[in-house]
1. Note the direction-averaged projected area, equal to a quarter of the hull surface, for the Cα convex hull of the chain, in nm².
2. What size of dipole, in debye to the nearest 20, comes out for the stretch 82-206 about its Cα centre when the only charges are +1 on Lys and Arg C-beta atoms and -1 on Asp and Glu C-beta atoms?
3. Let's see if you can work this out: charge +1 on each Lys and Arg Cβ, -1 on each Asp and Glu Cβ, no other charges. What is the dipole magnitude of the stretch 70-144 about its Cα centre, in debye to the nearest 20?
4. With every protein chain left in place, what is the accessible area of E47 in Å² (1.4 Å probe, nearest 10)?
5. I'd like the orientation of helix 169-184 relative to the chain: the angle between its Cα long axis and the longest Cα principal axis, in ° from 0 to 90, rounded to 10.
6. Mind checking the per residue accessible area of the chain for me, 1.4 Å probe, whole number of Å²?
7. Which whole-number percent is the relative contact order of the stretch 73-206 (Cα, under 8 Å, 6+ apart)?
8. List the trypsin sites (Lys or Arg not before Pro) in the stretch 39-101 that DSSP assigns to loop (not H, G, I, E or B) and whose Cβ has at most 16 other Cβ atoms within 10 Å. Which are they?
Amino acid sequence: MTLTRAELDNRLGGAARAWLDGAVAEAAHAASTARDATAPYAPPSWELRFASAGRHCGQDHADSVRGLLLHEARADEATLARLYHQGTAAERRAVLLALPSLVPGPQALPLVEDALRTNDTRLVAAAVGPYAAAHLDAHSWRHAVLKCLFTGVPVDAVAALGERARADAELARMLSDYAAERTAAGRPVPDDLPRVLALTVPPQES
């Protein structure tokens, strides 16, 4: 669950709130200050704060703090890509979670696709959120659903699952084939698979 700034202030201790005040101020300043394109690149101070959020505010609040910094800094696609590719798994997760509210179009899909190539369940779960629901094409989205089943990510993490799975005959075929393969190999079928398969049934006409 992503927390608002007010909710963070209510949950953080005094030292963490003071650290967050400084981090937010630095991010807001970066958003209002043009970078000198002729100067050698150096990470702005808020990006260093982004990386250390868990240490100062606790891992339970790190996603929310990092999301807040991304919004205050008005992070563009290049910044999001840099933070994702240079970051830890926790930092990558925060970038993925922030995409729906920061990138209106499909330009950040390479980040989602990269996360779906991993076997890190935290990244896979973050990758199948609202941004993927809005922008992944049908083929890629179906494989994202299967990835959740492969890796044990609960399908509740898949945004708009019911809407996108409805009457999807190709997804139904892929799920049935996967279930048959598991059964033939003497392996259990993931508990979530029948639930997703039921969603693919076309609605009955009245």
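1. Working: hull surface 58.5 nm².
Its Cα hull, projected and averaged over all orientations, spans 14.6 nm².
2. Details: 13 positive and 14 negative charges, 59 e Å.
Value, rounded to 20: 280 debye.
3. Working: 7 positive and 8 negative charges, 33 e Å.
I would put it at about 160 debye.
4. 20 Å²
5. 80 degrees
6. Working: 10900 Å² over 206 residues.
On a per-residue basis, the chain sits at 53 Å².
7. Values: 133 pairs, mean separation 24.8, N = 134.
Reported as a whole number, the value is 18 percent.
8. Details: sites: R49, R55, R66, R74, R82, R92, R93; in loops: R74.
Those satisfying the criteria are R74.
The values are calculated or read from the model by the stated rules, or taken from the named source; none is laboratory data. Just so it is clear, the model here is predicted, and its values are computed rather than measured. Using ideal geometry, Cβ is built from the backbone for each residue, glycine included, and neighbour counts are taken over all protein chains shown. Side chains are part of the model used for accessible areas, which takes the heavy atoms of the whole protein and leaves out ligands, DNA and RNA. Shrake-Rupley method; radii C 1.70, N 1.55, O 1.52, S 1.80 Å.
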